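**Student:** Here it is, the structure, as structure tokens.
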Amino acid sequence: KPERKWEVMMKKVLGTGGTVFVSRALAEYFVREGWEVYVLNRNTKEQPRGVHLIEADRYRLGEAIRGLFVDVVIDTSYTAQEVNLLLDALGGCREYILISSSAVYPENLVQPFREEMPTGENVYWRKYGTDKIEAEEVLRKRKPDAYIIRPPYLYGPMNDIYREGFVFDCAMADRDFYLPKDGSMGLQFFHIQDLCRFIGILLTKRPSRCIFNVGNPEMVSIREWVELCYRVAGKTPRFVPVREPVEQSRYFSFRDYEYRLDVSRQCELMPDTKPLLEGLEESFAWYRNHQEFVEKRPYLEYIDQHFRKTAETGGEA
């Protein structure tokens, strides 16, 4: 398929959501880039500055976007129904970008996962992954040239998922850190601003390929990641290995599942990504003053109830 050519630079974008983490970061990014940015949400949270709000429920759009034509839709849909409803209601768009997920790859494929590999249920992600697969499939049927982006773990300022925030809490309280096994499991991250930059590059270069894995080319172990999180908080972790057979997601902010994405296609278009230490410094600076925006999970309560007494007697958890 030949590369896409437009006579004029696209300038009007519609983003679904716009009030939390990924969708908010994207809205703010394109406002800074000088785009005319529309956001579609229920107006239950503070809106980004400089956007045009379309107040509506995605499942009851009615006439909210009837006749609206935009250059780009950037969609964070979770389901095929959400994609269908949006396309049915929208007047039209030149480009469509769906933020999908690495969860679409079955865990039993050979790693690293490449874009041409088959999608299928992943036992660690289950419905979240299969819903994203269905959203991708319906979009590709209705708009075959749409871009689909599959990120790993996203991080950075405004992250409302309790991941790095959990480790920051442990560091600020000078707590021992309960490390899953030996901490060697690998994690792959992608900074939220790198996601925004990459979408901007897609819309500038308009490559003929439509599906892109994105992420940092390098992996980091759990131990290394925790050490970096403590470091930006000015602390050094004291690790307590967790050896007992307990579900990792009860006391740690990631599942017991290591995977790696092949991001060579991304690197052809955008070879540089933000260093993890720098990105975590930005995350910590935001988190210290915005903890109320993060949906905290009861990891610390579980640790205190199940592990700390063992550790205090000198044993492993």
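The values are calculated or read from the model by the stated rules, or taken from the named source; none is laboratory data. Keep in mind the model is a prediction, meaning the values are calculated, not measured. Because the Cβ atoms are built from the backbone with ideal geometry, glycine has one as well, and the counts that use them run over all protein chains shown. To get the accessible areas, we keep the full protein, side chains included, count just its heavy atoms, and leave off ligands, DNA and RNA. Shrake-Rupley method; radii C 1.70, N 1.55, O 1.52, S 1.80 Å.
**Student:** Amide H to amide H, which residues 5 or more places from residue 153 or on other chains are under 5 Å from it, using H placed in the peptide plane?
**Tutor:** Placed amide hydrogens put 188, 190 under 5 Å from residue 153.
**Student:** Next question, about the same structure. First compute the accessible area of the stretch 78-226 with a 1.4 Å probe, then give the percent of it belonging to carbon and sulfur atoms.
**Tutor:** Working: 2560 of 5170 Å².
Accessible surface attributable to carbon and sulfur in the stretch 78-226 totals 49 percent.
**Student:** So which aspartates and glutamates pass the test for residue 296, namely a Cα distance under 15 Å, with those fewer than 8 places away in the same chain ruled out?
**Tutor:** 160, 164, 169
**Student:** Still on this model: For the stretch 34-48, what does the Karplus curve 6.51 cos²θ - 1.76 cosθ + 1.60, with θ = phi - 60°, yield as ³J(HN,Hα) per residue in whole Hz, taken in order and with x for Gly and Pro?
**Tutor:** x, 7, 8, 10, 10, 10, 10, 7, 8, 6, 9, 9, 4, 8, x
**Student:** Quick one: net charge around residue 156, please, counting Lys, Arg +1 and Asp, Glu -1 for every other residue with C-beta under 14 Å from its C-beta. Don't jump to the answer; show the numbers that get you there.
**Tutor:** On the way: positive: 24, 163, 197, 274; negative: 28, 160, 164, 194, 278, 281, 282.
Value of the local net charge: -3.
**Student:** Consider just the alpha-carbon atoms of the stretch 120-172 and return their Rg together with their Dmax, both in angstrom.
**Tutor:** 15.7, 49
**Student:** If you take the beta carbon distance between residue 110 and residue 208 as r and set R0 to 22 Å, what does 1/(1 + (r/R0)^6) give as a FRET efficiency, to the nearest 0.05? Walk me through the numbers on the way to the answer.
**Tutor:** On the way: r = 26 Å, r/R0 = 1.18.
Plugging the Cβ-Cβ distance into 1/(1 + (r/R0)^6) gives 0.25.
**Student:** Using only the Cα atoms, what convex hull volume per residue in Å³ does the stretch 47-173 have? List each step's numbers first, then the result.
**Tutor:** Values: hull volume 19.2 nm³, N = 127.
Spelled out: Cα convex hull of the stretch 47-173, divided by residues, is 152 Å³.
**Student:** Roughly what would the spin-label model give for residue 94 and residue 289, points 7 Å off Cα along C-beta, in nm?
**Tutor:** Taking the two extended label points, one gets 3.7 nm.
**Student:** Keeping every protein chain in place, order 143, 205 by accessible area at 1.4 Å, biggest value first, i.e. largest first. Could you put the intermediate results ahead of the total?
**Tutor:** Details: 143 35, 205 100 Å².
Sorted by accessible area, descending: 205, 143.
**Student:** Follow-up question, since we're still on this one. Relative contact order (percent) for the chain, with alpha-carbon contacts under 8 angstrom and 6 or more residues of separation?
**Tutor:** Numbers: 575 pairs, mean separation 54.7, N = 317.
Relative contact order for the chain comes out at 17 percent.
**Student:** What residues qualify as long-range amide H neighbours of residue 261, i.e. H under 5 Å apart, gap of 5 or more or another chain, H built at 1.01 Å from N?
**Tutor:** Here the answer is 113, since their amide H atoms fall under 5 Å of that of residue 261.
**Student:** Still on this model: Provide the net charge surrounding residue 300, with neighbours chosen by a C-beta distance below 11 Å and charges set as Lys +1, Arg +1, Asp -1, Glu -1. Present the calculation step by step, with values, prior to reporting the outcome.
**Tutor:** Details: positive: 175, 296, 297, 308; negative: 169, 301, 304.
The answer is +1.
**Student:** Using helices alone, I'd like the mean residue ellipticity at 222 nm for the chain: each DSSP H run of four-plus residues gives -39500 (n - 2.57), total over residue count, nearest 500.
**Tutor:** It lands at -9500 deg cm²/dmol.
**Student:** What residues have an amide H closer than 5 Å to that of residue 77, excluding those fewer than 5 places away on the same chain, when H is modeled at 1.01 Å from N in the peptide plane?
**Tutor:** 99
**Student:** Rounded to the nearest 5, what % of the DSSP beta bridges within the chain are antiparallel ones? Present the calculation step by step, with values, prior to reporting the outcome.
**Tutor:** Working: 3 of 36 bridges.
Within the chain, antiparallel bridges account for around 10 percent of the total.
**Student:** Give me D for the chain in µm² s⁻¹, whole number, from Stokes-Einstein with Rh from the Kirkwood sum over alpha-carbon pairs, 37 °C and 0.692 mPa s.
**Tutor:** Details: Rh = 20.8 Å.
So the translational diffusion coefficient is about 158 µm²/s.
**Student:** Turning to a different aspect of this structure: Using the per-residue mean of other Cβ atoms lying within 10 Å as a proxy for protection, in what order, highest first, do the peptides 157-163, 301-307, 290-296 fall?
**Tutor:** Values: 157-163: 19.0, 301-307: 15.6, 290-296: 13.4.
Ranking, from highest mean packing down: 157-163, 301-307, 290-296.
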